[in-house]
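One structure below.
The values are calculated or read from the model by the stated rules, or taken from the named source; none is laboratory data. Everything numeric here is computed off the predicted structure, so don't read it as measured data. We place every Cβ from the backbone using ideal geometry, glycine too, and count neighbours over all the protein chains shown. Side chains are part of the model used for accessible areas, which takes the heavy atoms of the whole protein and leaves out ligands, DNA and RNA. Shrake-Rupley method; radii C 1.70, N 1.55, O 1.52, S 1.80 Å.
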Amino acid sequence: MGKHLIFTIVSLLAPMSYAQHIFGQIQGPNIFTWNTMIRGYAESENPWPAIELYRQMHASSIEPDTHTYPFILKAVAKLTAVREGEKIHSISIRNGYESLVFVQNSLVHMYAACGHADSAHKMFDLMIDRDLVAWNSVINGFALNGMPSEALTLFREMGLEGVQPDGFTMVSLLSACAELGALALGRRAHVYILKIGLSVNLHVNNALLDLYAKCGSIREAHKVFNEMEDKNVVSWTSLIVGLAVNGFGKEALELFKELEREQLVPSEITFVGVLYACSHCGMVDAGFKYFKRMKNEYGIVPRIEHYGCMVDLLGRSGKVKEAYEYIQNMPLQPNAVVWRTLLGACTIHGNLALGEVARAQLLQLEPGHSGDYVLLSNLYAAERHWSDVQKVRRIMLTEGVRKTPGYSLVELGNRVYEFTMGDSSHPQSKDIYAMLAEITKLLKLEGYMPHTTNVLADIEEEEKENALSYHSEKIAIAFMLINTAPGTPIRVVKNLRACADCHLAIKLISKVFKREIVVRDRSRFHHFKDGSCSCRDYW
């Protein structure tokens, strides 16, 4: 048996360290041997040596062949090393291999996995023969990189070209629907999944669970969960997290107990959901109990996400000083998210001194994050420190920091509509603003007093009230009140945290107009009905 054949068997069956040892003994390895070694590392947990081997092969004047590219690009994708991928892409063009379908598929997947969805799409557009693998790669690339509308557009194109989706396609589609809060489209996808026989696919069912939870339809999420023949920890975790973010903390903890009765082992992410449930329901003692159990009973070493939940748990409950002391005593270096959590708690509970401490830390860690400036401005505005509000604005202007624009999404028919603050771009703008005026008039009859504290300017109260009336979620709700039948639930997705005034106003809108309104903001869901919210004003 020749050394090359022995090496091939070893590389398939033995650890890579042993394969590397055999490889080192081969005099003048051929392209087949190099490819086998690169493939072994590309499919391992540590793919970086695949790139090193590729460089060595290149230095040895051995040109890659058609089999080299899928293996090396797989390693690049796992490492998200896009610069290496671009170099390899250039060499594939020079060698005339870029036009081969499996090389093109590998390039599309690499760019998508590296977060370069536009480059993946450009590569995809160059392909003459686009198989299911290519469609899945580019759709998934858009879905995972914050471009869900583009993912849905491509899915429609895929159908027009007669390409039949598989489970991987549907997972990507459901992920895009979940990101947009497109519940109606997600439901149609669910019907299609049943029609083509993918309802037994575990990954598809987990994606459906995630979709319904992220669209605020916990009843449907529960139904999917209960009908699943096979469930894994991801299934249980998805529903636990879904219940938690929708304000059903006690139900989330009950489900966790059921998971334990089934003798399943919770993961690190499961405990993030459990701690989140405790945090958003004000269960401080329970949160500390579960944190302790996570370490002692399950041997899970707490990560920064778990410590962040504990800081949030204390901060939300008003124990801002204790939250700061907890950060000081953490065994891990607090990151920007932890300090931002403390700053948010200081803004809610009016602790100016600790808010400035948190902001000083954030200036060192992430000086250009616009949300931190907004939180600090809100804190100063609440304390009526208008000179400090202006100072923060001047710093933002000098440093070139721009506030993230707020927007709200609503789904109507087959479209998702986006509204921004003071938006007048929609053809129905005249009717929308007439509805807003009617809403304000009816709410004031219910005793509504605008919450003007966080309007970041020292202006007259009437001007502040007008500014609050034009927040994007109110415009979106007015649009839906005009265009949907009485009693139809309204669902809104907002990219930022809803302000206190909008929260108060939407509670009253749900009562006056007899509508269930579900708002998903940056941190959680609010289910408004009959004048109350599922968060019980604890958010």
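Remarks
- Fully extending the segment from Val301 to Gln25 would add 95.2 nm, taking 0.36 nm per residue of separation and subtracting the current Cα-Cα distance.
- Reachable lysines from Lys250, criterion Cα separation under 23 angstrom, eight or more residues apart if same chain: Lys214, Lys223, Lys231, Lys289, Lys292, Lys295, Lys319, Lys507, Lys529
- Per residue, the convex hull spanned by the alpha carbons of segment 60-149 comes to 88 Å³.
- Dipole of the chain, positive end: most advanced residue of Phe155, Met123, Ser217 [Cβ charges, Cα centre]: Ser217
- Added length on full extension, which subtracts the Cα-Cα distance from 0.36 nm per residue, Thr80 to Thr488: 142.4 nm
- Segment 227-330 shape via C-alpha gyration tensor axes, a/c threshold 1.5: prolate
- Short-range pairs are left out: with C-alpha atoms under 8 Å and at least six residues apart, the relative contact order of the chain is 8 percent.
- Computed on the chain, the Cα convex hull volume stands at 197 Å³ per residue.
- Cα gyration tensor shape for segment 498-539, rounded if a/c is under 1.5, else prolate or oblate: prolate
- Inter-site label distance for Leu264 and Leu160 at 7 Å from Cα along Cβ, in nm: 4.1 nm
- Reciprocal of mean inverse Cα separation for segment 300-449 (Kirkwood radius, Å): 18.2 Å
- Placing Leu100, Leu173, Leu160 in order of accessible area, with the largest value first and a 1.4 Å probe, yields Leu160, Leu100, Leu173.
- In segment 370-441, the C-alpha radius of gyration followed by the widest Cα-Cα span (Dmax) gives 16.9, 48 angstrom.
- Karplus (6.51, -1.76, 1.60) ³J(HN,Hα), θ = phi - 60°, over segment 65-78, in Hz, Gly and Pro reported as x: 10, 4, 7, 5, 4, x, 5, 5, 5, 5, 5, 4, 4, 5
- Averaged per residue, the chain has 48 square angstrom of accessible surface, using a 1.4 angstrom probe with ligands and nucleic acids left out.
- In segment 95-170, GluC sites (Glu not before Pro) in a DSSP loop with at most 12 other beta-carbon atoms within 10 Å: Glu161
- Charge-dipole axis of the chain as Lys and Arg at +1 and Asp and Glu at -1 on Cβ define it, positive-most pick from Ser425, Ile31, His67: Ser425
- Shape of segment 232-286, Cα gyration tensor, a/c cut at 1.5: prolate
- Nonpolar atom fraction for segment 83-217, defined as the carbon and sulfur part of the 1.4 Å probe accessible area, stands at 56 percent.
- With a Förster radius of 51 Å applied to the C-beta separation of Leu132 and Trp386, the computed FRET efficiency comes to 0.30.
- The length gained on full extension between Glu227 and Asn95, counted as 0.36 nm times the residue separation minus their Cα-Cα distance, comes to 42.3 nm.
- FRET E, pair Glu356, Tyr192, Förster distance 60 Å, beta-carbon r, rounded to 0.05: 0.65
- For segment 334-401, the fraction of alpha-carbon pairs lying more than 20 Å apart is 19 percent, rounded to a whole number.
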